[in-house]
Each structure stands twice: as C-alpha cells, then as structure tokens.
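The values are calculated or read from the model by the stated rules, or taken from the named source; none is laboratory data. This structure is a prediction, so every number in the text was calculated from the model and none was measured. Glycine gets a Cβ as well: all are built from the backbone with ideal geometry, and neighbour counts include every protein chain shown. In case anyone asks, the SASA skips ligands and DNA or RNA and just uses the protein heavy atoms, side chains included. Shrake-Rupley method; radii C 1.70, N 1.55, O 1.52, S 1.80 Å.
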Amino acid sequence: MYVLCLRSSFFSCSCSNEVLDMVDFLLIAWRSGQMGAHAIVDALLGIAEPSGRLAQGWPRNVGQVNGAASPWLQQIRGKWLANARGTVVDPDGRRYDDYIQSPATPLFPFGFGLSLSEFKYDNLVVQKTSNTSRPLMVTVDVTNTGKRDAIEVVQFYIQDPVLPWVPYWKRLIAFEKVFLKSGEKETVQSYVEYRDLALHDANAKQSILPGEYTVRVGNCSNTDVLTATITLSSLDFSEV
C-alpha cells in the first residue's frame with residue numbers, strides 16, 4: 001500500500017501522520033507539471049528508479065519547528081543530553097530527550113529517500129589536494145547488493161572541529177548520484193569546494209580554521225555508514 005502526496009500541506013506539522021504507519025511508502029510529487037502523471041506512473045510501476053532526496057527535514061509536529069541545530073544549543077534547550085537519559089541514539093552518539101507526546105527525532109531527516117535496491121559502502125578515503133579552491137578529494141566504494149539496477153545518492157557530510165562559535169553539528173559538503181546494476185561496484189569520487197568547507201566567523205570573514213575534521217558518508221543525514229578524519233591547516237578566502 002502507498003500514499004501519493006500532491007500537496008505540501010498533506011503531511012504538515014499539524015497532522016498526526018498516523019496514516020504513515022499503514023503504508024509501505026510515500027510518493028511525493030509536488031507541482032509535478034504536465035508530465036507529472038507519466039513520471040508518477042513510471043515510479044509506481046517500477047519503470048523509473050526513485051532517486052529524489054529531501055532537501056529539508058520533516059518535523060513530526062509543530063513543537064519541533066525552529067529546533068536548535070547544534071548539540072550545544074540543544075543542550076541549553078533541553079533536547080540534547082550527554083547522559084543516558086535519552087531514548088534515541090543517532091549515529092553521532094547523541095542522545096535525545098523525547099517530547100511528551102512524540103519522539104524528538106524528525107519524521108523524515110534531511111537527505112532521506114527510499115530506493116528499490118540496497119547498497120553497501122566501503123573504503124572511504126579523504127585526501128588533500130594542491131588546488132586551494134578544491135582542497136579535498138573524497139572517494140568511497142559503493143556496491144549494489146540488491147536484485148535491481150538502481151540509483152544511489154551518495155552524501156558526504158563534514159563535522160567541524162571545536163570552534164570559538166557554535167557551528168552546525170555537521171554539514172552536507174558534496175553528493176554524487178550514481179547508477180549501478182545489480183551486483184555492480186563503483187568507486188565514487190567527489191571534490192570538495194573551498195566554499196563548502198569554509199565558515200564565516202564573528203567578523204564575517206570566510207576561512208577554513210585549523211583542526212581535525214570528520215568526514216561522514218551515507219545515504220542520509222542520520223545514516224553515517226563510514227567516517228574518516230583529516231587535519232586541515234588555516235586557509236583564508238583571499239588565498240583561494
């Protein structure tokens with residue numbers, strides 16, 4: 001059983017979303033245009049491989065809207081705990097204190113999307129380059145372990161070192177879409193741009209601060225299949 005969602009308000013913060021517990025998947029087709037019906041039919045019949053991913057997380061209810069993005073702010077607001085009280089542990093090791101009427105986790109996290117196949121990740125390698133505008137090269141082996149030919153969206157995230165201001169907990173720095181036949185393996189390579197690594201400080205100056213960075217790869221923002229660390233030196237935007 002499936003649900004076809006044609007309006008963004010169908011699953012909103014005010015909905016309890018019980019219907020999701022009764023279906024196998026949800027097909028989102030907002031403003032699909034004149035050829036939308038053809039694309040929907042192809043997706044439902046398995047002719048086309050679904051490869052869309054969410055560009056934002058979906059909250060479970062209105063109480064999660066405008067929640068803190070980093071564990072430091074979440075700790076202040078009481079939604080992130082460093083002890084064993086939380087009932088949910090994400091791949092980063094964080095624990096969340098649930099709301100009274102719902103879990104603290106999102107309904108669907110950023111970057112989420114189902115596939116008709118399964119994939120395996122191996123051999124994550126992060127290397128520095130001599131190109132200051134593209135200072136990092138990231139490679140990972142992806143294998144289609146399912147029975148169908150399918151598309152995988154490989155997502156690369158980075159976790160910044162301890163900074164004098166509050167950064168994001170982790171950031172999307174690159175993604176690659178790759179088509180793999182059943183049983184096929186491919187080394188996915190992506191170059192990370194300087195602008196995706198740099199942050200603005202309190203003086204609105206854009207730069208990469210020195211320290212140890214953690215690169216995480218997976219098919220969703222809350223699924224870190226592999227991780228690797230790399231130490232970067234300071235790099236000012238004027239040097240790029």
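One residue alone among 201, 196, 160 is among the acidic types (Asp, Glu), buried (at least 18 other Cβ atoms within 10 Å of the Cβ) and at pLDDT below 90, and that residue is 160.
In region 53-68, the residue that is modelled with the lowest pLDDT out of those that are assigned to a loop (DSSP other than H, G, I, E, B) and exposed (fewer than 13 other Cβ atoms within 10 Å of the Cβ) is 66. The residues on offer are 190, 133, and the sole one that is open to solvent by less than 60 Å² (accessible area, probe 1.4 Å) and touching a helix residue (DSSP H, G or I) at 6+ places or on another chain (Cβ under 6 Å) is 133.
Residue-wise test of (1) among the acidic types (Asp, Glu); (2) within 21 Å of residue 124 (Cα to Cα); (3) touching a residue at least 12 places away in the same chain (Cβ under 8 Å).
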residue	(1), (2), (3)
163	no, no, yes
168	no, no, yes
176	yes, yes, yes
180	no, yes, yes
187	no, yes, yes
191	no, yes, yes
203	no, no, no
208	no, no, yes
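Screening region 20-44 for residues that are at pLDDT below 85 and surrounded by fewer than 10 Cβ atoms within 10 Å (Cβ to Cβ) and picking the one that is farthest from residue 106 (Cα to Cα) gives 33.
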